[in-house]
1. Per q in 0.08, 0.09 1/Å, what log10 I(q)/I(0) does a Debye calculation on the alpha-carbon atoms of the stretch 38-188 return?
2. In the neighborhood of Val101, defined by Cβ-to-Cβ distances under 10 Å, what is the net charge if each Lys or Arg adds +1 and each Asp or Glu adds -1?
3. Using 7 Å Cα-to-Cβ label points, what is the Asp126/Ala142 separation (nm, one decimal)?
4. Could you please state how large a percent of the accessible area of the stretch 57-188 is carbon and sulfur, counting protein chains only and using a 1.4 Å probe?
5. For Glu113, what is the net charge nearby, where nearby means another residue's Cβ is under 11 Å from its Cβ and Lys, Arg count +1, Asp, Glu -1?
6. So for the pair Leu19, Ala43, with labels modelled 7 Å out along Cα→Cβ, what separation do we get in nm?
7. When the chain is fully extended, how far beyond the present Cα-Cα distance does Asp77 get from Arg108, taking 0.36 nm per residue of separation?
8. Kindly list the residues of the stretch 72-96 that lie in the label zone of Ala118, defined by a backbone N under 20 Å from the point 7 Å along the Cα-to-C-beta vector.
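The values are calculated or read from the model by the stated rules, or taken from the named source; none is laboratory data. Only a predicted model underlies this, so the values are computations on that prediction, with no experimental measurement involved. Cβ atoms come from the backbone with ideal geometry, glycine included; neighbour counts cover every protein chain shown. These area figures cover heavy atoms from the full protein model, side chains too; ligands, DNA and RNA do not enter into them. Shrake-Rupley method; radii C 1.70, N 1.55, O 1.52, S 1.80 Å.
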Amino acid sequence: MADAQNRNAGAEQVRPMRLRDALRQARIEAADRTGVVVDLRDAEIARLEILNEALDPLFAEIPDGVDLFDRGLSQGDTPRLWIDVVAHVMMGRDKRIYRFVQDTRFGRIVLAESHEAAKIVDAITDYVARRLIEREHALTAATPLPAPPAPVSVDKPRRSGFGIFVLGFVAGALALFALALFAALRNM
């Protein structure tokens, strides 16, 4: 009986030790996984920063008066390099492929996808050119054409509205006089 109690006491001492070791090992593994995720995220941000620097010559050519583009790197859960309000570059699932996407009212569309930054720079250059052309067309359509000058008549001088006012006043006074005369004759 004493032997059974010793075994139970020994099992109780060993079991907490194994659970404590298992918890420690699980914490180490979770930290390693978190470290890998952080390393992947840092690698994503670094690749997007490289692409951002490659875009500097393109954005230097955009005229100063054009405020259509707002390029910037956001470092949220999914890091993105924003080109404007609706288009951005993000990394693919394998974290090595650039994905240039545009948000539309029908959903997100992929404009370009490549492992090479140069191909994405070319796609962004085409996108920027198209947006600038759209802006020019919108400004042209919004600017009204100047109205042609009104033709000036040389033959007849233009009448003022005062003569018509006097004519209307006289006609109204005569109508009131006629009405008063008719009412007076009727009462007699």
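1. Debye curve over Cα of the stretch 38-188, log10 I(q)/I(0) at q = 0.08, 0.09 Å⁻¹: -0.46, -0.49.
2. Numbers: positive: Arg80, Arg99, Arg108; negative: Asp103, Glu113.
Neighbour charge sum, excluding Val101 itself: +1.
3. The modelled label-to-label distance comes out at 2.8 nm.
4. Numbers: 6400 of 10420 Å².
That fraction is 61 percent.
5. Working: positive: Arg99, Lys119; negative: Glu116.
Its environment carries a net charge of +1.
6. 3.8
7. Between Asp77 and Arg108, full extension yields 9.4 nm more.
8. Residues 96 fall inside that zone.
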